[in-house]
Structures are given as structure tokens and as C-alpha cells.
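Here's the structure, in C-alpha cells; my notes come after.
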Amino acid sequence: MSEERPLPLPDELTTPFWQATNEHRLAIQRCCKCRRWNHAPTLMCPSCGSTELEFEPVSGRATLYSWTVIHDPPAPGFVTMLPLIVGLVELEEQEKLVLACNLVGTDPELLRIGLPLEVAFADVASDITLPEFRPVRS
Ligand code: ZN
């Protein structure tokens, strides 16, 4: 399914994020002290410096912040996925809480900044599930 497609390598900081996506849930790191959300995960809260950080579930609702359309495969495993739309999506939980994800279920011509999106999950390997975003169907 995903031959020669590079996959994320969960590490100590990101494992809780990937464990959640494997269960088709989206969980984002949050500071226990100042309650700011933080992505990508870090050892220390960028806002207040606390090292008490936990992963909490988020709604999976977002709006489109920016995007790019890839026409040349970045690796052989992407050939069947072109054109690939990579978006920066802003989660509704916090301003500038942005994830980089594939955008699916849409044509590039239909995209606009602020477009309402919802998370979906793609099981790309036995132990890796990627969050993706697609336009909210009205
Ligand atoms: Zn904090």
C-alpha cells in the first residue's frame, strides 16, 4: 500500500500523538500550567516554560491556514497520490495551533483560506496512522 513512502518515526516526544492517531483520535500536547496547546510536541512549554505537559484530545475540527500542491512525487511511494495537497490546518482549539497534514477529498481549485475542515485517519502501515483533513460536508 505504501511502498517506499517515508513514514513518521515516533520518538519519546511524539509517541502519545501517534498512539492516539492509531486509535483514530487526535490528541495534542497541552501545558498543565498555562493550558496552552503546543504542536509539534516539545520538552518545555514555549509559553511559560513549564515541563508539565500532557496530551489531551481535540475536536478534530480546523480551518485551512495555508496549503501547497505537489505534482512531482517526493518519493516513489507517492506516485499514485498525485497531485498531493499538503495543508497547514489551524485547529479550532487555539489560534495558530497548526498541523501539517495531507488534505483529502477535495480538488485544489476548491481550497480557500479559512475553509472548514475535519480530521480523517489513514492507516498507512500496520503501526502508523496519519491524520488527514478533508472539507466539512454541509
Ligand atoms: Zn505553559
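The values are calculated or read from the model by the stated rules, or taken from the named source; none is laboratory data. Everything quoted here is computed from the prediction, not taken from an experiment. All Cβ positions, even for glycine, are placed from backbone atoms using ideal geometry, and neighbour counts span all protein chains on display. Each accessible area value is taken on the protein alone, full model and side chains, heavy atoms only, with ligands, DNA and RNA left out. Shrake-Rupley method; radii C 1.70, N 1.55, O 1.52, S 1.80 Å.
Would you kindly find the accessible area of D72, with a 1.4 Å probe and non-protein molecules such as ligands, DNA and RNA excluded, rounding to the nearest 10 Å²?
Using a 1.4 Å probe on the heavy atoms, I get roughly 120 Å².
Return, in residue-number order, each cysteine of the chain whose C-beta is not under 4.7 Å from any other cysteine's C-beta.
Cys with no partner Cβ under 4.7 Å: C32, C101.
Helix-derived [θ] at 222 nm for the chain: sum -39500 (n - 2.57) over DSSP H runs of at least 4, divide by residue count, nearest 500? The partial results should precede the final answer.
On the way: 1 runs with 8 residues, N = 138.
That comes out to -1500 deg cm²/dmol.
Could you do me a favour and compute the accessible area per residue for the chain, 1.4 Å probe, result in Å²? Walk me through the numbers on the way to the answer.
Details: 8010 Å² over 138 residues.
Accessible area per residue: 58 Å².
When only DSSP loop residues count, what GluC sites (Glu not before Pro) in region 80-138 have their Cβ near at most 13 other Cβ atoms within 10 Å?
Numbers: sites: E90, E92, E93, E95, E109, E118, E132; in loops: E92, E93, E95.
Answer in residue order: E95.
Rounded to the nearest 0.05, what FRET efficiency is calculated for E118 and T14 with R0 set to 25 Å and r the Cβ-Cβ distance? Write down the numbers at each step before the final one.
Working: r = 22 Å, r/R0 = 0.89.
With R0 = 25 Å, the Cβ-Cβ based efficiency is 0.65.
Please compute, for the alpha-carbon atoms of region 91-138, the extent along each of the three principal axes and give them in descending order in Å.
Computed over region 91-138, the largest-to-smallest principal extents equal 33, 26, 18 Å.
With a cap of 15 neighbouring Cβ atoms within 10 Å, and only residues DSSP puts in a loop, list the trypsin sites (Lys or Arg not before Pro) found in region 30-125.
Details: sites: R30, K33, R35, R36, R61, K96, R112; in loops: K33, R35, R36, K96, R112.
Loop-located and lightly packed - K33, R35, K96, R112.
To one decimal place, what orientation-averaged projected area in nm² is obtained for the convex hull of the Cα set of region 1-66? Walk me through the intermediate numbers first.
Details: hull surface 23.9 nm².
Directional mean of the projected Cα hull area for region 1-66 stands at 6.0 nm².
First measure r as the distance between the Cβ atoms of V79 and A100, then evaluate 1/(1 + (r/R0)^6) with R0 = 22 Å and state the FRET efficiency to the nearest 0.05.
On the way: r = 21 Å, r/R0 = 0.95.
Once rounded, the FRET efficiency stands at 0.60.
Report the residue, chosen from T106, T80, T51, that carries the largest GNM mean-square fluctuation when the chain is represented by alpha-carbon nodes joined by springs under 10 Å.
Result for the chain, Cα springs under 10 Å: T80 fluctuates most.
log10 I(q)/I(0), Debye, Cα-only the chain, no solvent, q = 0.08, 0.11, 0.14, 0.19 Å⁻¹?
-0.22, -0.42, -0.68, -1.17
Could you put S126, S138, S66 in order of accessible surface area, largest first, with the 1.4 Å probe and the full protein assembly present?
Descending accessible area places them as S138, S126, S66.
Just the number, please: carbon plus sulfur as a percent of the accessible area of the chain, 1.4 Å probe, no ligands or DNA/RNA counted.
On the way: 4130 of 8010 Å².
So the carbon and sulfur contribution to the accessible surface is 52 percent.
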